[in-house]
Amino acid sequence: MIRLTAESLIDERIIKLLEHEDDKIKKFTLLALKLAKTRRLPTEALATKLFQQLDGIIKEENNED
Amino acid sequence: MKIKQLELFNFGQFYGSQVIEFSGADKSAQQMITVIYEKNGSGKVDLYRAMLFCLYGEKALRRLPKYGKDENNIQLVNGVALGEDASGAREGVKAHVRVMFSHHDRDYEMYRALSGIRRDDGKIIEQIEDLKLTITNKAGKTQVWGLAKKDAIDREIGHILDWRLKRFFTFDGRKIARLAKVSQGKSILEEIKYLLNIDEVYSVEEAMRKLDKKLSDEISKVVNGDFRSRIDLRRKCQGQIEELSRKRLAVETEIVNACDERDEVDKELEKYKHIASLVNERKNREAEQQQLFKQKDEAAEKLRHFLPDAILLLARDSLAEVYQDIDEGREKGWIPFEIKRELVEKLLLEMSCICGRPLMANSLESEHLRQWYESSGAALNRAAMEFFRSIGNTTRFSNGKTEELDRLLKSVNSSVEAHSLGAVQLEKLVVELENTANMDVFQSYCEKRLKLSEKIAALEKEQKHFSRELNSAEAKLKKLELEVDNFNKESAMNEVLQKKHSVVIKTHDLVKKIIAKYVEDAGRVLEQETNTNFVNLFELAGQKKSFKKVVLKEDYTLEVLNDKEQPSFLDMSVGQRQVTVLSFFIALVQAASGSHTLDVPLFMDSPFGQLSNEHIERLLNYVPEIAPQLIISVTDKEFGADKGSMLYRTGRWGNFYALEAVTEGATTIKQLPAELYG
C-alpha cells in the first residue's frame, strides 16, 4: 500500500521530528496543526488564534521554571 | 472501480445520444482494453470532460489547487443543438452525462444533467438541472439520491474515486512528451504536493510567518540602536523574500497555465491540420519565390552589366566588313601609307636610298622625301591606324560574346518563367487558403500559440531572475537571523516577547521540516514505484542493462542512472525518456489510488507519442497487470495498421469506437470491430 496522504497529520513522522524539540515547541506545533486541521481556519484567523495561545505556552513555561 | 458505460446527450461535441460500452467491466473478461479512435479532432477531450463533469461536477479538465481556471468560459452543451434551438423553438437545450460503473459488488449509475440556451446577444447561459446517484447492492436493493443529497453523493464518489485521481484521470501523451524534454522539477514537485494533500500544514507555515512578522514588529518598537536596526533589516528581508516568493509563484503558475493553454491550442490546431499543411506549403512556396526572384534579379543584373558589350554586337558585322576592306586594301597596296611613311622615315633617318645609295643632305631627293613625309599628315595616318587597330580589337573582342549573350538571355528567361510559374502556383494556394473554411479560426489559434510561446519564454526568464534574487535574499536573512539571535542573547529586555518570538521562529522551522519530510517521503515512494514501472517497461533485451534506475533528484527532476551510476537521462532517446516519464506518471496514479495495483481504470490520451513499437508492446502488456481496465484514445495520425495489429495481438482489446464529426460541432460515436486489425 502506498501511503502519501497525511490523514491524521499527527503521524509518526511528525512525532519523530518533534522528539528532540523543546516541550513548548512540541506543544505549540501540535496545537497549530490541530487547530488547522479541526477548525479549518483561514490563515489570518489561525495566526490570531495562535498568538493568543502563545501567552499560555510562555506562562506555563515560566510557572515550570 | 470498473466503468461499464458512458452515455452522453448533447454534451460537448456530441450531438444527440451517444453511448460507449467499456471492455473489462465484466469480472471474467479477458479483454479489458477499449480504444477510442478520433479523426480530425472530433471530441475525445470531451469524453474525459464528460466523465469529470458527471462524477465531480467539474467543467475544467484539470484544476490546480489554489489557482483554478475560470470555469465560466467552458461551454458544455452541444453548440449545434444550441444553434438549432436558437433558430427554432428557443426553449433551451437539455444535455446530460450518465456513467455506469461497479465498485465492490455494488452497481452505480451517476447522472448529471444541465441545460443551456443561446441568448440573442450570442451569450450562452448554462445551468445544472439534475443530479442523481443510483446504488444497487449485491442483493438487488436500490438506493437513489438526488440533488438534495448532493453532499452525500460527493462523499460517496470521493470514497470510490479519490479526488486526487481527477488530476491523473487522463494520461496525457502531450504532457508526458513535454515533461520528457523540459525541466520537470516544478511540475513534479507540484504533483507531489497535490498528492500529499497537506494544505493544513502549509496553512500553519503561513500563520507562523505572520506571527513572526507581528512579533518582530513589537520587538522593534521597544528596542533601540543596532538591535532595532537588525530587526528592521531582518523584517525587511523577510518581506523581500515573501514578495519574491509570491512573485515567483505567480510567474510559475502563469508558466504552468500558459503551457496548459498552449497544449489546448495545440489540440485545437490538430483539427486544422489540412490548413496547417496548406499554410506550410504557402510558406515554402513564398520562400521559393523569394529565391527565384533573387535568381531573376541576379540574371537581369548580369545582363545589364553585359549590355555595353552587347551594343558592340550590333555593329560587329559592319565593323568586320570595314576591317576586311581595309585589310584587303592594305594587302593589295591600295592603302600603303603606313609602309610608305615608315619606309620614308627610315630612309631619312639612315640617309640612304632604297637602292643603297647614300642620300645627300640638302639634295633634291632628300628634300622631296622630307616634304612628302611632312605633308603626308602624320596625325591623320596615326588616327587611321588606330581606327584600323581598334576595328580589329573590337572585332576580336566581340568573338564569343554572342554565346555569352545567349546564355545570359536564356538564364533571364528561365528565371522569369520559373518565377511566373511559382507566382501562379502561389496565387492558387492563396486563393485556396482564402476559400478554406475556418481559416480565420486557424490563424487566430496560430497567433495565440505564438503569443503564448513568447509569453512562456519571457516568464521563464523572469522566473530565473526571481530565483536568483530569492537565493541571495535567503542568504542575507540567515546572516541577519544569527545577528538578531546574538542580540537576543545579550539583551535582557522584553524577555516575554523574545521568548514568544523564539518559540514562533523554532516552530516555523519545524513546520518547514515537516513539509520537507512529507515531500521527501512522497518522493521516495514515487521513486520506488517509478523504478518498478521503469524496469517493467524497459524489460527488453539490451535496454535493461544500460539503464539501472530512476532517481528523483533534490530539485525534483527525474534522472536515470546507467550501470556505472552515471546520469544518462539526457543521453536517452526521446522515446526512452518518454518511457521514463510514463513510469513516473503511472506511479502518480498508483500513489493517488493508494496501491501498486490500481482499483481504477487507466485512461491514456495519445499515449504512443514517440514510443517505439517495442515500448508500446511492453506498455500494452504491463498495464493489464496493474489496472482493471485500460481506455486508450488515439488519433488517426498516430494509430495506423501496425499499432492496431500490435494491440489486437495482445488479446486484450475488446471494444473499439470511432468518433466521427458528421458536421462541424456534431460528433457521433460509431462502434467498429477490433477484428479490423486482426
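The values are calculated or read from the model by the stated rules, or taken from the named source; none is laboratory data. Only a predicted model underlies this, so the values are computations on that prediction, with no experimental measurement involved. Virtual Cβ from ideal backbone geometry, glycine too; neighbours counted across all protein chains shown.
Would you confirm, using the coordinates I've provided, whether B:S444 is within 42 Å of the chain's Cα centre (by Cα) and hydroxyl-bearing (S, T, Y)? Outline the logic, then answer.
On the way: within 42 Å of the chain's Cα centre (by Cα): yes; hydroxyl-bearing (S, T, Y): yes.
When the stated conditions are applied, B:S444 passes them.
Mind listing just one residue for me: the one in the range B:563-582 that is of a type in the set (A, V, I, L, M, F, W, C) and more than 16 Å from B:V551 (Cβ to Cβ) and, of those, farthest from the chain's Cα centre (by Cα)?
Going through the range B:563-582, the residues of a type in the set (A, V, I, L, M, F, W, C) turn out to be B:569-570, B:572, B:574, B:579, B:581-582.
From the residues that got through so far, the ones that are more than 16 Å from B:V551 (Cβ to Cβ) too are B:574, B:582.
Values: B:V574: 15, B:L582: 19 Å.
The extreme case among them is B:L582.
Scan the range B:260-272 and give yes if some residue there is more than 14 Å from chain A (Cβ to nearest Cβ), over 30 Å from A:T48 (Cα atoms), in a helix (DSSP H, G or I) and aromatic (F, W, Y), otherwise no.
At the first step, the residues of the range B:260-272 found to be more than 14 Å from chain A (Cβ to nearest Cβ) are B:260-272.
Okay, now just the ones that are also over 30 Å from A:T48 (Cα atoms), so B:260-272.
Next cut, in a helix (DSSP H, G or I) only: B:260-270.
Filter again for aromatic (F, W, Y), leaving none.
No, because not a single residue in the range B:260-272 is more than 14 Å from chain A (Cβ to nearest Cβ), over 30 Å from A:T48 (Cα atoms), in a helix (DSSP H, G or I) and aromatic (F, W, Y).
Residues to consider are B:L537, B:L480, B:L470, B:L526; find the one that is crowded, with 16+ Cβ neighbours inside 10 Å, touching a strand residue (DSSP E or B) at 6+ places or on another chain (Cβ under 7 Å) and not small (G, A, S). Break it down into steps so the answer makes sense when it comes.
Working: B:L537 fails: touching a strand residue (DSSP E or B) at 6+ places or on another chain (Cβ under 7 Å); B:L480 fails: touching a strand residue (DSSP E or B) at 6+ places or on another chain (Cβ under 7 Å); B:L470 fails: touching a strand residue (DSSP E or B) at 6+ places or on another chain (Cβ under 7 Å).
Answer to the check: B:L526.
Scan the range B:84-134 residue by residue and report those that are closer than 17 Å to B:G12 by Cβ and polar (S, T, N, Q).
Result: B:S115, B:Q127.
Return the pair list, or none, for Cβ contacts closer than 9 Å from residues in the range B:79-97 that are under 10 Å from B:L114 (Cα atoms) to residues that are of a type in the set (F, W, Y) and surrounded by fewer than 19 Cβ atoms within 10 Å (Cβ to Cβ), at least 6 apart or on different chains.
Taking only residues 6 or more apart or on different chains, the pairs are B:H96/B:Y111; B:V97/B:Y111.
Given the range B:563-678, what helices (runs of 4 or more DSSP H) lie entirely inside it while holding 2 or more residues that are within 14 Å of another protein chain (Cβ to nearest Cβ)? Give the steps one after another, and end with the answer.
On the way: elements: B:574-593, B:613-626, B:641-649.
Fully inside the range B:563-678 and qualifying: B:574-593.
Under 6 Å by Cβ, and 6 or more places apart or on different chains, what pairs join a residue from the range B:460-472 that is in the same structural domain as B:A258 (by TED's automatic domain parsing) and farther than 19 Å from B:K236 by Cβ with one that is of a type outside the set (A, V, I, L, M) and not in a helix (DSSP H, G or I)?
Partner pairs satisfying both residue conditions: none exist.
Conditions tested, residue by residue: (1) surrounded by fewer than 19 Cβ atoms within 10 Å (Cβ to Cβ); (2) under 22 Å from B:K273 (Cα atoms); (3) under 30 Å from the mean Cα position of the chain (by Cα); (4) at pLDDT 85 or above.
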{"residue": "B:Q610", "(1), (2), (3), (4)": "yes, yes, yes, no"}
{"residue": "B:K637", "(1), (2), (3), (4)": "yes, yes, yes, no"}
{"residue": "B:D642", "(1), (2), (3), (4)": "yes, no, yes, yes"}
{"residue": "B:T667", "(1), (2), (3), (4)": "no, yes, yes, yes"}
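Among the residues of the range B:107-145, which ones are exposed (fewer than 14 other Cβ atoms within 10 Å of the Cβ), more than 36 Å from the chain's Cα centre (by Cα) and over 19 Å from B:K59 (Cα atoms)?
Correct list: B:R119, B:D120, B:N137, B:K138, B:A139, B:G140, B:K141, B:T142, B:Q143, B:V144.
List, please: which pairs have Cβ atoms under 7 Å, are six or more places apart or on different chains, and start with a residue in the range B:500-520 that is closer than 23 Å to A:I58 by Cα and end with one that is modelled with pLDDT under 90 and outside any helix (DSSP H, G or I)?
From residues that are closer than 23 Å to A:I58 by Cα, the pairs are B:L510/A:E21.
Inspect all residues belonging to the range B:48-71 and state whether any of them is at pLDDT below 85, exposed (fewer than 15 other Cβ atoms within 10 Å of the Cβ) and touching a helix residue (DSSP H, G or I) at 6+ places or on another chain (Cβ under 6 Å).
yes
Go through the range B:560-572 and report how many residues are of a type in the set (D, E, K, R) and in contact with a Ser or Thr (Cβ under 8 Å, 6 or more places away or on another chain). Give the steps one after another, and end with the answer.
Here is the first cut: in the range B:560-572, the ones of a type in the set (D, E, K, R) are B:563-565, B:571.
Imposing the further condition that a residue be in contact with a Ser or Thr (Cβ under 8 Å, 6 or more places away or on another chain) reduces the set to B:563.
Residues that pass the stated criteria total 1.
Yes or no: the range B:256-270 includes at least one residue that is surrounded by fewer than 17 Cβ atoms within 10 Å (Cβ to Cβ) and either closer than 30 Å to B:A423 by Cα or more than 23 Å from the chain's Cα centre (by Cα) (or both).
Among the residues of the range B:256-270, at least one is surrounded by fewer than 17 Cβ atoms within 10 Å (Cβ to Cβ) and either closer than 30 Å to B:A423 by Cα or more than 23 Å from the chain's Cα centre (by Cα) (or both), which makes the answer yes.
Only one of these is at pLDDT 85 or above, closer than 26 Å to B:L195 by Cα and either in a helix (DSSP H, G or I) or more than 7 Å from chain B (Cβ to nearest Cβ) (or both): A:T48, A:T29. Name it.
Working: A:T48 fails: closer than 26 Å to B:L195 by Cα.
Within the list A:T48, A:T29, the selection yields A:T29.
Wholly within the range B:438-548, which helices (runs of 4 or more DSSP H) include no fewer than the required count, namely at least 2 residues that are within 14 Å of chain A (Cβ to nearest Cβ) and within 30 Å of B:D563 (Cβ to Cβ)? Break it down into steps so the answer makes sense when it comes.
Working: elements: B:439-490, B:495-537, B:543-546.
Filter on the range B:438-548 gives B:495-537.
Filter the range B:99-123 down to residues that are within 16 Å of B:I74 (Cα to Cα) and either of a type in the set (D, E) or touching a strand residue (DSSP E or B) at 6+ places or on another chain (Cβ under 6 Å) (or both), then give me how many there are.
6
Just one of (1) in contact with a Leu (Cβ under 7 Å, 6 or more places away or on another chain); (2) outside the structural domain of B:Q498 (by TED's automatic domain parsing) trips up B:K296, so point out which.
Looking at each condition in turn, B:K296 falls short on (1).
Condition check ((1) at pLDDT below 75; (2) farther than 25 Å from B:L319 by Cβ) across all residues:
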| residue | (1), (2) |
| --- | --- |
| B:K340 | yes, yes |
| B:L347 | no, yes |
| B:R357 | no, yes |
| B:A379 | yes, no |
| B:A384 | yes, no |
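Only one of (1) under 17 Å from B:E109 (Cα atoms); (2) at pLDDT 90 or above; (3) of a type outside the set (A, V, I, L, M) is not met by B:Y37, so which one is it?
Single failed check for B:Y37: (1).
Regarding B:A473, is this residue touching a Cys at 6+ places or on another chain (Cβ under 8 Å), at pLDDT 85 or above and either within 30 Å of B:N257 (Cβ to Cβ) or of a type outside the set (A, V, I, L, M, F, W, C) (or both)?
yes
Which residue pairs have Cβ atoms under 7 Å apart, sit 6 or more places apart or on different chains, and have a first residue in the range B:423-441 that is surrounded by 14 or more Cβ atoms within 10 Å (Cβ to Cβ) and a second that is of a type in the set (S, T, N, Q)?
Every condition considered, the pairs that remain are B:A423/B:Q289; B:L426/B:Q289.
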